[in-house]
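The values are calculated or read from the model by the stated rules, or taken from the named source; none is laboratory data. Remember, predicted model here, so these are calculated numbers, not experimental data. Note that each Cβ is placed from the backbone with ideal geometry, even for glycine, and that neighbours are counted across all protein chains shown. SASA here: full protein model, heavy atoms, side chains in, ligands and nucleic acids out. Shrake-Rupley method; radii C 1.70, N 1.55, O 1.52, S 1.80 Å.
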Amino acid sequence: MGAVRMKTLADLRRRRLQTLVLTVVLFLAAGAATLAADILFESNAPFERAFAAANGAHLVIEYDGAIDHDRLAATGGAAGVTASAGPWPVTDGGLSHPKGGIVLGAVFSGRPQPDPAIDAVTISSGRWWQAPGEAVLDESTARLLNRRVGDIVRAYSQAAEPARDKIQVGRGAPAGPEPLLGPSLDLTVVGIAASVSTPDVALWASPTDIASLAPGRVPNQQMLYRVTPAASAADLAAAMAQITANVSPSAVTGTQTYLDVKAGVDRLADLYVPILLAFSLFALLAAGFTISNVVSGVVLTSYREIGLMKALGFTPGQVSWILVAQVLAPVVVGSVAGVVVGTIASAPIVAQTARSFGLPATFTPSVPVIATVLGICVTMAVVAAIGPALRAGRLSVVAAIARGTAPSGRPDGGRLRALALRLPISLLARLGVAAGVAHPPRAAMTLGALVVGVTAATFSIGLNASLLRVQDDLSRRDASPVRADVGSRLSPAEVTAAIEHDPDTARFVSVGQTQVTIQRAGAIPFVGYRNASDWLGYRLIEGRWFSGPGEAVAPTNLFTQTGLHVGDTVTIVRDDRPLTIRLVGEIFDAAREGRDNLLLRGTWDDLIALDPAVQVSAWEMHPVEGVEARSYAQALQEDLGMSLPMEVVGDKTEDESFMLFLTVVGLMGVVLVAISLGGVFNTVLLETRQRTHELAVLKAIGLTPAQLIGMVVSSIVPVGVLAGLIGVPIGLAAQRIVLTYMGQVAASTNIPPSTFEVFGPVLIGILALSGLAIGVVGALPPAQRAARARIAPVLQAE
C-alpha cells in the first residue's frame, strides 16, 4: 500500500487546483446542507423540545385576585397535578415605545424567582429581578422596544382589567375594545428572558410594582400546573376540572393550555420544511454533479498515466483505489470543514428561528445532523467516483497508453460535434462550441450543476420578492399604517370627530363588528365599514371589493369551510335577523378579528341591519403625505389625553419570521450559485488540460491569448444557454409550489396571483441568461490560465 499512498499523494499535489476546487465545492455544499438541516431540525417539533427542556406548564390558569392566596396554592394538590407554581399577580398594560407612542396589550407578571421544576424561564442576558424598580423583559418585547439590560422602560397601567376568556399570545395593539391607560412606572431592565409556557408575558417585576400598575383593584392571580395525563385537549379539560373543582367558575378569568401555544408554533415551523429541504437537495445534487465530472475528467486526462501505472505493476484494484482516493481526500476535508463552519454559522440563525417561534433562543450542535451530512457527502463521492474508477481499472495497458497518447484524434461527440462545427459563427467560436459538446456525459454533468444554480437563483430571488409582497399585503402598512381601538372613557363619536377634524388625516374608516351565524361555518364575525373602504389595501385573490349593501368579501378559509364560491349568495343570521348577501370577492387576509380566518367584511349598513345596537369599535387611518405614521399616532393620542389605544403597523415582532425567511433563502441561493461556478470552473479546467496539445498548436500558429480565451469560454455557451432555459421554469414552479404550501399551512389561504408575478419579461430574460453568465464567470479563470501557459514545454513533450 506504500506505492498506492505515495501515488495518491503525488497526484493530489500535482492537481492542486482541481483538488482545491473540489474541496471548496464540498465545503459549500456541506456547509449549506448543515445550515439547512440544523434549521430544519430546529423546525421539527421545536415546541416539544423547548417544552421538555424547560419542564413547561401544561396549564396556565388566571384567577380573580380576590381569591385567597392559600386556597389557590392548594389547587396544586389536585388529582393528576405533578407540579405547580404560584400564585403571583398579573395585570395588563402598555409599554412606551422609544420612537413615541405606547405598545398596548402587554402582560405584566409578578412572578418570583423561576422554579426549574416547572417552566424554567431561560435568561438570555442579565439576571432575574431582585427588588422593586427592577424588571425582566421578554426577548420579543426587548427587540420590539430596542431595550437592553440597564435601560429604563416605562410601564403604563390600565384603569380596568380586560375580560379575557383566553390569554392572548403575542403583543401589539389587540383587537376589540381595550381599557384606558392609568398611572405609569419607570423600571430598570436587569434581564432579558423567555418563557415557553407564558409567551404572552412582556415584563416580570416585583408584586409591589405589579400592584402599583393595577390601581384601584386587586390584580388577577396566575398559577402554572404540570398534569398527567396531558396528551390531548380532553386530558387537559379533565385536569382543569379537577383543579378548579373547589373554586367558583366565575373566579377563573383566563386559561391557556400548552396545546394552544404548540399549535401556533407548529404552524409557523411547518413553513420552513419545503424551503430547507429544497435547498439541501439542491446543494448536494450540485456537489454530486461536480464530483462525477471531476472523476470522469481525471480518467479522461490520465489514460496514458493509467497505462504506465499498470505497466509498472499496479493492479486494477489499486488503479481504481488511487482514482477514488484522489476524490475522497478533498471530499472529506471539504465536508468536515463545511460541517464545522455550517454548524457554527447555524447557531445564531437557529437561535433566531427559535425566537421567531416565540421560544427561548437556545442552540446545541446536532450530532445526527453532523453525521448525516458527512455520511451523505462521502457516500455521494464514492458512488460518483466508483463507476469511472472501475472502468479505468479494467483498461488494458495498450488501450490506455494508445488513448492517452493522442486523445484529440478521436472524433468525440459524434453528431453534436459535427453540428457545432457547421454553425454560422466564427471559426474559433465553432471550435469552442464543438469542444463543449464533444463529451456528452461531461456536458450533462456541467448542465446539471448549472441548472441547479439557475434554479436556485430564480427560486431564491422570486421567493424573496414574493415574501416581501406577502408581508406588505398582509400588513397593509402602506394603505392603512395607523389603527386604533375604542377606549372606555371616550365615546366612538368623540374619537371619530377627532380623527375627522385632524388636519393630518388623509383618509379614515370606522369599523364595527358583530357575531353572525352562517351555515357550515357556525358563529363568525361580520366586520362592517363606515365610509369608503376600498383603499384599505386588502389584496384580492378573486372577484372585487364590495361596493354597497348586500355585498361582502371573505378570506379563502370561509369559502373552503362552507363550499361557497365568489358570486354565490348566502344568508347570515344575527338574533333571528337574517340577511342575504352576495360574496363578491375572495381576499388575502390573516384576520385578527376571528379564529381560523373565518369572517365576513361588508358595509356598515349591513352591520346595522344585523345588529342595530352595534357601535364603532375601531378605526383605520392614513395620514397626509409627508406626515410620519408614528408622529401622527402620537399626536392623535395626545389630543385625546392618551386615551386611545393605537397601533402603528410595523410594531410587531412577527415580522422577524419573514426576515429570517429572506435571510436563509438569500444565503442558500448565493451558496448554490457558488457551487455551480465551481462545477463550471472544474469542467473548463479539465477541458483545457485535455486539449493542452491542441491549444499549444493553435497558439504556435498565431492564436492570440484573447482569441484563445474567447474560444475556451465559448465551449460553455451552449450548456449555459440550455441551463437557463431549463432552470428558470423549474425555479418559477418551485416558487409557486412553496408559496402555495406556505399560504395553506400558515393561514388556510390561497395566494393572490400578483404575489407570484414578481418577474417582468425583462427580468425573466435576464434570469434565462443567468446560466450563461454563471458559465462564463466560471470558465474565465481556467481560460485565462490556459492562455498564459507556455507553448514550448507542451510541444517538446511530444
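Numerical summary
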item: Accessible area expressed per residue, region 435-566, with surrounding protein chains retained (probe 1.4 Å, Å²); result: 37
item: Order of exposure, largest accessible area first, which applies to 668, 6 with probe 1.4 Å; result: 6, 668
item: HN-Hα J in Hz across region 82-87 - Karplus 6.51, -1.76, 1.60, θ = phi - 60°, x for Gly and Pro; result: 9, 7, 8, 8, x, x
item: Per-residue SASA entry for residue 604, accessible area with 1.4 Å probe, Å² rounded to 10; result: 20
item: HN-Hα J in Hz across region 137-146 - Karplus 6.51, -1.76, 1.60, θ = phi - 60°, x for Gly and Pro; result: 9, 5, 4, 5, 5, 4, 5, 4, 8, 6
item: Anisotropy class of region 462-573 from Cα gyration tensor, a/c 1.5 cut; result: oblate
item: Long-range HN-HN contacts of residue 255 with modeled amide H, under 5 Å; result: 62, 166, 167
item: Amide hydrogen neighbours beyond the local backbone of residue 507, cut-off 5 Å, H modeled; result: 622
item: Nearest-10 value in Å² for the accessible area of residue 568, using the 1.4 Å probe; result: 50
item: Solvent exposure ordering (accessible area, 1.4 Å, most first) of 526, 681; result: 681, 526
item: Accessible surface of region 33-148 [probe 1.4 Å, protein heavy atoms]: carbon and sulfur percent; result: 52
item: Normalised convex hull volume, region 526-581, alpha-carbon set, Å³ per residue; result: 99
item: With all protein chains modelled, accessible area of residue 282 [1.4 Å, Å²]; result: 40
item: Cut-off 15 Å between beta-carbons: net charge of the residues surrounding residue 563, Lys and Arg +1, Asp and Glu -1; result: -1
item: Under-5 Å amide H pairs with residue 603, H placed in peptide plane, nonlocal only; result: 529, 550, 551
item: Largest to smallest accessible area among 47, 27 [probe 1.4 Å]; result: 27, 47
item: Leading residue at positive end of dipole, region 481-573 (Cβ point charges), from 501, 482, 570; result: 570
item: ³J(HN,Hα) computed for each position of region 389-395 - Karplus, 6.51 cos²θ - 1.76 cosθ + 1.60, integer Hz, glycine/proline x; result: 5, 5, 4, 5, x, 7, 5
item: Proximal charge balance of residue 638 [Cβ under 13 Å; K/R count +1, D/E count -1]; result: -2
item: Proximal charge balance of residue 620 [Cβ under 9 Å; K/R count +1, D/E count -1]; result: +3
item: Cα gyration tensor, region 33-147 - rounded (a/c under 1.5), prolate or oblate; result: oblate
